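Trainee: Here's a structure for you.
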């Protein structure tokens, strides 16, 4: 367990809906050692300890499979209801591989080809496999060029009822390339800061929420805050839903919006408002914003890692760690420069410097959180060594946070109906 590192990267649909995950895993004894795929037994033991459903929720996850794992009987310990087996491109296609994939199909496994190149050589290489494959993953690297030939190949693959996934989407350019190619699902770090699914009708509620946020942090009179809530019925309804979800348990009956705000308190309201800003889907077709789930993960990581580094961290410092996480993608929401937004929000210097300069311990943890999302195990190892943490403690936190995010997503989905 101590030398295993895990990560989940979201796979997003064209409409901005979280479709599935890429489940990343590696085992390292030293930070300089090359990655290699771990045995399925270890993989299953770790997930068995935490609970696969608790980590992934209702979503499936792609998991890479090399030749050694493919022909091991241990592959059948991977749960087919949760995982899509993604065949790495190093596997040489032969009759034994084809028979093995047929056996996996018969046992209910969905299969994918990882790092597929849309060219005639790949089509020829994988021709005998395509009737067994449900997904093809294409790496949209910077040098990738969309040609008519590649588009025709992608169209021919889709005609076989195979879903095409664009991976390594690092920026808008790569995203546009993948769409132009004909990809239907998208995976990559770009979607942690996605500005691609924005509907104009969702911008107004966010601006109203930010105004309410400013009134709360500036210690405005409760009457002024109540009046602002009354101007925004949609936001007031959201607050009522949140209260009714079981987040609060009031002894007395609630008599008015003013009463609600008094009982909830300013600080919980500020945190709630920031989550709601992210919860508004960037597409009207999405019930739950992937951005909101990412912020939930970031805030959990920030607070939990801080507690490991500074066990006696006070409430004020933990709150600052929380706000570093919750504000870290605010520029993606408002499509404005982060520094400008932080100026307008009058954010404390310690939070501001952590976000803009990776300063001090909060900035260092924030940098680590970004490395975790980009699946850089070396950064985790270096952080643990620098702060004299137990080997594997960060990875344990990562998986616990996955569980928290999944539980959060399911709770929100139940509220939405």
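Just so it is clear, none of the values below were taken in a lab; they were calculated from the coordinates. Every value quoted in this text rests on a predicted model; they were computed, and no experiment measured them. A quick note on method: Cβ atoms are made from the backbone with ideal geometry, for glycine too, and the neighbour counts reach across all protein chains shown.
Trainee: Each label point is 7 Å from the Cα along the Cα-to-Cβ direction; what then is the distance between the points at residue 344 and residue 107, in nm?
Mentor: 5.5
Trainee: Rounded to the nearest 0.05, what FRET efficiency do residue 67 and residue 367 have when you use their Cβ-Cβ distance and R0 = 35 Å?
Mentor: Computed FRET efficiency for residue 67 and residue 367: 0.45.
Trainee: Now for a separate question. Testing the spin-label approximation: label points 7 Å from Cα along Cα→Cβ at residue 389 and residue 99. State their distance in nm.
Mentor: Placing both labels 7 Å beyond Cα along the Cβ direction yields 4.8 nm.
Trainee: While we're here: If I model a spin label at residue 121 and residue 76 as a point 7 Å from the Cα along the Cα→Cβ vector, what separation in nanometres do I get?
Mentor: 3.7
Trainee: Round to a whole angstrom and tell me the spacing of the C-alpha centers of the stretch 52-104 and the stretch 121-146.
Mentor: 17
Trainee: Within a 10 angstrom radius of the beta carbon, how do 215, 318 rank from fewest other beta carbons to most?
Mentor: 318, 215
Trainee: Mind giving me the FRET efficiency for residue 319 and residue 170? R0 is 35 Å, r the Cβ-Cβ distance, nearest 0.05 is fine.
Mentor: 0.60
Trainee: Next question. Placing one identical point scatterer on every Cα of the stretch 290-409 and ignoring solvent, what is log10 I(q)/I(0) from the Debye formula at q = 0.11, 0.17, 0.22 Å⁻¹?
Mentor: The Debye formula, applied to the Cα set alone, gives -0.35, -0.84, -1.35.
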